[in-house]
Ligand code: GDP
């Protein structure tokens, strides 16, 4: 492959994820995006919480029972001249760690906001995470077919709460039962809405020019209202600026209804035109450019038993540079060995297919037999680690105990594997044989017991444990570490990756220890 063709492949890729508060419409918009990407023939087949149909990405019984998306999956599809990678993220906040890590693997995000509700908690939190890398954000104001809040108020709220400038690209004409469509400010076109067509790609009904008398004929009173509103909006809002968007300081805003499949195409046009192609990535030694010929990538997610027919674990790797080719060797930096990768997977809306080649921005799935952990870096031989893939100190703790004590080995194996996947964190105290499970969200506990039973055949139960918070402890000072280990061993434990952790019964205890051991660093997050 020539350099020119290689660069072409990179430049046409757009890798993004959707951030939103539950119920804002992430699933619905994903479905419509896949419809445009021609991955599904008819919308309504991705996930039907109500219809009893389930997304191909839903893989766990429990997930189906609860109607929440526990896992992350990847969907690749062509749109316009681009190849789009959409990384799905769990909707439930108990699995937020997974979401945070997925956000390290994208180059832009789509923020979906419920037009009736405005900016909600989870969106605020997720925006904070995207800020760590100044990820460019595209905004979709959803549910225009409902009575929404004043669009000017919505933009004000985004600007003041999320601290990002808004540049409306389209503007809604009325809302709820009266919703007429949107005005595309930069194309000077009105695209008219027709209800009840959400399951299809509709033929566009377009009026050219805001002053076109046809507009008055078609929407009556709302034509003049739109003209007046546009005067106001132009004065009060920001103009789209590609550079500010790319820096994460300004977001283009689209209005529409995911359910009615209206406006989603405008958003996709914006995404493919403006969102960045695969970006450079920081490592422990240098910055990696996607155009570098040597293959590199990092693992941001491990998922088990995605398909009950293939009971294996898959590591999701984001390619950062070079090209993946079937049958190639990769250098596994953490264990210092070359690995032959006979077959990687791609995820076409849940349909697993073997890929022949893949490029920067793409996600490939590697079969994992326990040698790959979240955060692992793969290269063509160079030794460095990609940085910025976080582990968070858990906030909830329970002791886990077996009903059948003979299965202790199985339990430990299961817990260590689940912790490598990031499903939960496990701690083994230095002073006793307890196993302590730590989670960020309470649902993680249920998932772990469920999976231990179905995947490892062990029946485990929880007991309460006197731990409030955890910190990873570290020091260059050998003496200080030895002192800590001898004096505070009852509070120390090893996590799933054998990192030393301080388990504090109370915040007071933690603060006292921080004071008592000034040479020790107590970290709330740990980078892989
Ligand atoms: P998620 O939790 O963010 O994935 O949200 P869903 O896509 O599951 O949507 C939550 C609910 O809002 C569902 O009942 C959807 O049918 C509904 N919904 C999504 N988009 C729209 C829309 O544009 N208009 C209306 N009226 N309802 C919508």
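Values quoted throughout were computed directly from the atomic coordinates according to the rules given, and no laboratory measurement underlies them. Just so it is clear, the model here is predicted, and its values are computed rather than measured. Virtual Cβ from ideal backbone geometry, glycine too; neighbours counted across all protein chains shown.
Compute the Cα gyration tensor for the range 139-229, then decide on rounded, prolate or oblate, letting a ≥ b ≥ c be the square roots of its eigenvalues: rounded whenever a/c is under 1.5, prolate when a/b is larger than b/c in the other cases, and oblate in all that remain. It is prolate, given that a/c is not under 1.5 and a/b is the larger ratio. Shown is the FRET efficiency for residue 178 and residue 120, computed with R0 = 25 Å from the Cβ-Cβ distance and rounded to the nearest 0.05: 0.50.
Highest mean packing comes first when the peptides 388-399, 100-111 are listed by Cβ atoms within 10 Å, giving 100-111, 388-399. For residue 128 and residue 211, FRET efficiency with R0 = 41 Å and r from the beta-carbon atoms, rounded to 0.05? It comes to 0.45. With contacts taken as Cα pairs under 8 Å and at least 6 residues apart, the chain reaches a relative contact order of 14 percent. Based on the convex hull around the alpha carbon atoms, the chain presents an average projected area of 26.2 nm². Calculate how steeply helix 221-236 sits against the longest principal axis of the alpha-carbon atoms of the chain, using the helix alpha-carbon long axis, and give the answer as 0 to 90 degrees to the nearest 10. It works out to around 50 degrees. Here the spin labels are modelled as points 7 Å beyond Cα on the Cα-Cβ line, and at residue 403 and residue 200 they lie 5.3 nm apart. Using only alpha-carbon positions in the range 187-264, the gyration tensor eigenvalues give semi-axes of 25, 20, 10 Å once each is multiplied by 5 and square-rooted (largest first).
The protection proxy used here, the mean number of other Cβ atoms lying within 10 Å of each residue, ranks peptides 173-181, 420-428 as follows, highest first: 420-428, 173-181. Quick check: the angle from helix 26-36's long axis to the longest principal axis of the chain, C-alpha only, nearest 10 degrees? Between the helix axis and the principal axis of the chain, the angle is about 60 degrees. Between helix 264-274 and the chain, what is the angle of the helix's C-alpha long axis to the longest principal axis, kept within 0 to 90° and rounded to the nearest 10? That works out to roughly 70 degrees. Based on DSSP H segments of at least four residues, each scored -39500 (n - 2.57), the chain has a per-residue ellipticity at 222 nm of -8000 deg cm²/dmol. For the range 453-504, the pair-distance distribution built from all alpha carbon pairs, in bins 5 Å wide starting at 0, is 4, 16, 21, 20, 14, 11, 6, 6, 3, 0 percent.
Both radii are taken from the alpha-carbon atoms of the range 222-338; with Rh as the Kirkwood radius, Rg/Rh is 1.15. Gain on full extension, evaluated as 0.36 nm per residue between residue 7 and residue 286 minus their Cα-Cα distance, stands at 98.4 nm.
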